[in-house]
Amino acid sequence: MKKLIALIALLFLTTTAFAQITGSAHDFSSESWNSSGEICITCHTPHDAMTGYEPLWNHEVTASTFTLYSSSTLDATLGQPDGPSKLCLSCHDGTVALDNFGGTTTGTSFITGDALIGTDLSNDHPVSFTYDASLATTDGGLNDPTTTSSGLGGMIDADMLYSNKMQCASCHDVHNGAGIDNLLVKSNASSALCLTCHNK
Ligand code: HEC
Ligand code: HEC
Ligand code: HEC
Ligand code: HEC
């Protein structure tokens, strides 16, 4: 019986540990616009990657100017999307064809439906701003990212921020590593994702 329980536990651990991009919303291996049949290639390449973007980026990058979120209670200073958020928006703003990767600039397939975020980010959670201990102090309703656990193994700043900045990838795992709906980095049941940073 103990062995059986151990086996079931092991199976559970291995299946959860193997949540991956294959079969997720970001598995484009069988899309009509990706004749390579590969998964990583729409976003990365091992050689001849684009200079100025990381990691080993292979998709045409958006040139849009975005309308930013604003509110009277916002303490952070927002800039135009940068870092990994700009890469997400290179498909999700709907201005760059999905098939514009590997040097192609004449693609014709564009993102549609709910996944189309567009260039108006005024109704979206803010991204591309510094979230540090001083912002937490100023705001009063935020946890200190340098001393608060993310629930993912380390502190918020190490696990969820990119060069101390909040980005799309603070909440989303582009590779579906956690295997949670909407490619979230952690479950938002009972708003657990929100409450990681917001002290409400
Ligand atoms: C839809 C676009 C997309 C696809 C497909 C994709 N990636 Fe990524 N990848 C990104 C973005 C954006 C980042 C940077 C943000 C981040 O680290 O989450 C990244 C980061 C990475 C990194 C560095 C950070 C880390 O997580 O270790 C590696 C390595 C990587 N990807 C490998 C892969 C491999 C291998 C594949 C295919 C099996 C793949 N990616 C498929 C978009 C993608
Ligand atoms: C190569 C283009 C491309 C890039 C780059 C890309 N995405 Fe996507 N993403 C898509 C497409 C296309 C869909 C819709 C797939 C569908 O509806 O079948 C999608 C779907 C999603 C979804 C919905 C998942 C679901 O389960 O419905 C989320 C969330 C998402 N992307 C977040 C991101 C984030 C965050 C980044 C950057 C870290 C990113 N994407 C980068 C093309 C991309
Ligand atoms: C603060 C956390 C957070 C940030 C930052 C964030 N998202 Fe999301 N996103 C979510 C959650 C939670 C969902 C689940 C569905 C919902 O609540 O709308 C979601 C859903 C989505 C979806 C699925 C379609 C939809 O609207 O339901 C896409 C695509 C997406 N996000 C892309 C992005 C992109 C691109 C960025 C950066 C510009 C981004 N997200 C930034 C938390 C976030
Ligand atoms: C990784 C940390 C993080 C996560 C996760 C997160 N947020 Fe935020 N959120 C922030 C920071 C930092 C700000 C900027 C606050 C400020 O400067 O006033 C912010 C801003 C906001 C604002 C705008 C505040 C204003 O004054 O206009 C709202 C509303 C909000 N978040 C709601 C959410 C919700 C809902 C979720 C869960 C879906 C969520 N956040 C998840 C860090 C996070």
- Looking at (1) within 11 Å of ligand 4 (Cβ to nearest atom); (2) open to solvent by less than 50 Å² (accessible area, probe 1.4 Å), find the lone condition where GLY140 falls short. (2)
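Okay, residues lined up against (1) at pLDDT below 95; (2) out of contact with any strand residue (DSSP E or B) (no Cβ under 8 Å at 6 or more places or on another chain):
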{"residue": "THR14", "(1), (2)": "yes, yes"}
{"residue": "ILE21", "(1), (2)": "no, yes"}
{"residue": "SER24", "(1), (2)": "no, yes"}
{"residue": "HIS59", "(1), (2)": "no, no"}
{"residue": "THR62", "(1), (2)": "no, yes"}
{"residue": "LEU74", "(1), (2)": "no, yes"}
{"residue": "PRO81", "(1), (2)": "no, yes"}
- Message: Please verify whether THR104 is at pLDDT 95 or above and open to solvent by 70 Å² or more (accessible area, probe 1.4 Å), treating the condition exactly as stated.
- Response: no
- Query: Could you say whether any residue in segment 141-156 is more than 12 Å from ligand 1 (Cβ to nearest atom) and under 11 Å from the mean Cα position of the chain (by Cα)?
  - Reply: no
- In segment 76-98, residues that are acidic (Asp, Glu) and either within 9 Å of ligand 3 (Cβ to nearest atom) or crowded, with 20+ Cβ neighbours inside 10 Å (or both) total 1
- Query: Would a scan of segment 32-42 turn up a residue that is more than 14 Å from ligand 2 (Cβ to nearest atom) and either in a loop (DSSP other than H, G, I, E, B) or surrounded by fewer than 19 Cβ atoms within 10 Å (Cβ to Cβ) (or both)?
  - Reply: yes
- Out of all the residues in segment 77-97, which are in contact with an Asp or Glu (Cβ under 8 Å, 6 or more places away or on another chain) and assigned to a loop (DSSP other than H, G, I, E, B)? VAL96, ALA97
- Query: Looking only at segment 123-161, which residues are within 14 Å of ligand 3 (Cβ to nearest atom) and touching a Pro at 6+ places or on another chain (Cβ under 7 Å)?
  - Reply: VAL127, SER128, TYR131, ILE156, LEU161
- Item | Near pairs, Cβ below 7 angstrom, 6+ apart or cross-chain, from segment 36-47 (on the phi > 0 side of the Ramachandran plot) to any residue that is more than 16 Å from ligand 3 (Cβ to nearest atom) and part of a loop (DSSP other than H, G, I, E, B) | GLY37/SER29
- What is the one condition in (1) surrounded by fewer than 18 Cβ atoms within 10 Å (Cβ to Cβ); (2) within 11 Å of ligand 4 (Cβ to nearest atom) that SER170 does not satisfy? (1)
- Item | Qualifying residue in segment 144-166 (condition: touching a strand residue (DSSP E or B) at 6+ places or on another chain (Cβ under 9 Å), of a type in the set (S, T, N, Q) and touching a residue at least 60 places away in the same chain (Cβ under 8 Å)) | yes
- Query: Can you tell me how many residues in segment 59-76 are more than 21 Å from MET160 (Cβ to Cβ), in a loop (DSSP other than H, G, I, E, B) and touching an Asp or Glu at 6+ places or on another chain (Cβ under 8 Å)?
  - Reply: 3
- State whether one or more residues within segment 116-126 are of a type in the set (D, E, K, R), within 30 Å of GLY37 (Cβ to Cβ) and more than 16 Å from ligand 1 (Cβ to nearest atom). no
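The values are calculated or read from the model by the stated rules, or taken from the named source; none is laboratory data. On a predicted model such as this, the values are computed, not experimentally measured, just so you know. Cβ coordinates were reconstructed from backbone atoms using ideal geometry, including for glycine residues, and neighbour counts include every protein chain displayed. The area values use the complete protein model at the heavy-atom level, side chains included, leaving out ligands, DNA and RNA. Shrake-Rupley method; radii C 1.70, N 1.55, O 1.52, S 1.80 Å.
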